[in-house]
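For reference, the structure is listed below as structure tokens.
Nothing in this text is a laboratory measurement; each read-out follows from the coordinates by a stated rule. These figures come from a predicted structure and were not determined experimentally. Counting neighbours? That spans all protein chains shown, and the Cβs are built from the backbone with ideal geometry, glycine included.
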Amino acid sequence: MKKFISFFYLLVSMLLFGQSKDAIKQIDDKIAVYSKAKFENKEKELTEVYYQAKDIDYKKGQINALLLLCNYYITKKESYDEIIEKGRKAEKIADYTDDYVSLSVVKSYIGTAFAELGLLEESRKKLVESIKYSHNISDKEEKNIINYNNHKYLAEYYQFQNKKDSVFYHLTNLFQISKEISASSIYKNDFTTQSHLKLAEFYFTENIPDKAISHLNAVERIHKNHFLEAEFLFLMGKALSLKKDDEKVLDYYVRADSAASKIGFAQLKARIYDDIANYYNRKKDLKQYIKYLKESRKIKNSLDEIKKSQIDRIDLNDYNQSSLSKENKTYIVFFVIVFCLITFVFYKKNIFLRKSSIQNTGDHGPDLIEKISISELTLLANEKNPAFYSKFKEAFPDFEDNILRINPTLKSLDLEICAYIKLHFSTKQIASIKNTSVRAIEGRKYRIRKALHITQDENMYVWFSNI
């Protein structure tokens, strides 16, 4: 009887295992089809795939279905609150399973949604996290595809901050990635076109129309998706407007408006109407100017209402708290242990030094080593004293070696500038000390940043304070 029960149990287990394998294969097959196809509306099907994976506790299937849903909403440029809600689920599962590739992707999607809703600081945090997790991705093509999106939205973030250098840094990264993407990739044309369009738009804002137009000419004959075609037509209208080619400019704006209307690209329509309004303003046609200005405001107000309703459905406090507790539980425990160990070591060291001090005082008196203070170094620098750098090296004996290990080609002037940055001298102060212009010091700091591989996102003063 016992043998029969054991055999029956084994048979049932094998049947269940076989069914589970079949179900996983069906889920993977569906995901493979949906991920390769440019689908119009697969929201219902992907939601079903997610719940099928959830029913059998197939976590990778759940993540992939959620990521495809997020990608679908981003492609349609809608339901950003849904991206954040579904992104949260995917983020939790990926974090639990240590799926760093999916974590990088989902953080990028959530960052995109925050950006589109105007929650720029939340967007920046997620995009930076995504880049950090992408370092775990060995496949360069996969990493490039994820980071293309990150650089695109970080450029937009810094555009709002009016940090032109940072904007240009991320746009050039965008352009470089588009060139590195393999020709066979489904993203090749879109990435190439979009990177050129983003740079064109940047040069328009910087009032460098020739460079902007050269980027537009580069993608004129490339096949574009509907969204990029509409943006291309709009930017061509802007280019012709700057050239005062009034015969063609309105034609391009009308074509851009028609293309944007077909795909419901409301954000672009508002920008088109702003430009058409400016066109009629130049023509002194007050009636048409007011008409298009009203149309633009109407669309913007509608978009603001949609954004507000979506933001209202997002519990940002809950999101930040859950994010913090999830990501930092291990770190908190780790830092508490480290803090206790450091406290114990310092306590023991203090006792040892006290005993040593008592013994030394009793025998020979205290053996004091004189070390120059920061205030003395600052005074030497402000007095333009030639002894400044030698005294600085006495105060920070490992500083120069640490810098030269990173880049041994740095010159003595570069090292001296590094010392001033270490002491938190401003660019203006350094320029005054070295009897040169602020622009010259900014150029020197830029070359030092590049030589030491300090990214644009890193604060130079914080970086040097850790050296």
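Values computed for the structure shown
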read-out	value
Given Lys54/Lys179; Lys244/Lys294; Lys89/Lys307, the pairs whose alpha carbons are separated by over 27 Å	Lys54/Lys179
Where trypsin sites (Lys or Arg not before Pro) fall in DSSP loop in segment 211-312, at most 13 other Cβ within 10 Å	Arg221, Lys243, Lys244, Lys283, Lys284
Overall Cα dimensions of segment 193-321, principal axis frame, Å, largest first	53, 37, 29
Gyration tensor verdict on segment 254-314 (Cα atoms; rounded if a/c is under 1.5, prolate if a/b is larger than b/c, oblate otherwise)	oblate
Relative packing of peptides 421-432, 121-132 - highest average C-beta neighbours within 10 Å first	121-132, 421-432
Relative contact order computed over segment 166-217 (Cα-Cα under 8 Å; 6+ residues apart), in percent	29
Potential extension, Glu376-His453 segment - 0.36 nm per residue separation minus Cα distance	24.7 nm
Partner lysines for Lys248 [C-alpha distance under 19 Å; skip if fewer than 8 residues away on the same chain]	Lys238, Lys269, Lys283, Lys284
Modelled FRET efficiency - R0 45 Å, Tyr446 with Asp139, Cβ distances, 0.05 increments	0.90
Kirkwood Rh in Å, taken over all unlike Cα pairs in segment 35-157	14.4
Cross-link pairs beyond the 32 Å C-alpha cut-off, checked among Lys126/Lys188; Lys92/Lys152; Lys25/Lys125; Lys164/Lys298; Lys25/Lys152	Lys25/Lys125; Lys25/Lys152
Full-stretch length increase - Lys36, Tyr187 - with 0.36 nm per residue and alpha-carbon distance subtracted	53.2 nm
Under 24 Å from Lys422, Cα to Cα: lysines that are on another chain or at least 8 residues apart	Lys163, Lys371, Lys384, Lys391, Lys393, Lys411, Lys434, Lys445, Lys450
Loop-resident sites, segment 39-102, for GluC sites (Glu not before Pro), counting at most 12 other Cβ within 10 Å (DSSP)	Glu40
Span from the segment 394-467 Cα centroid across to the segment 72-128 one, whole angstrom	37
Relative contact order (percent, whole number), segment 28-186, Cα cutoff 8 Å, 6+ residue spacing	14
Mean separation of Cα contacts under 8 Å (6+ apart) over length of segment 233-285, as relative contact order %	32
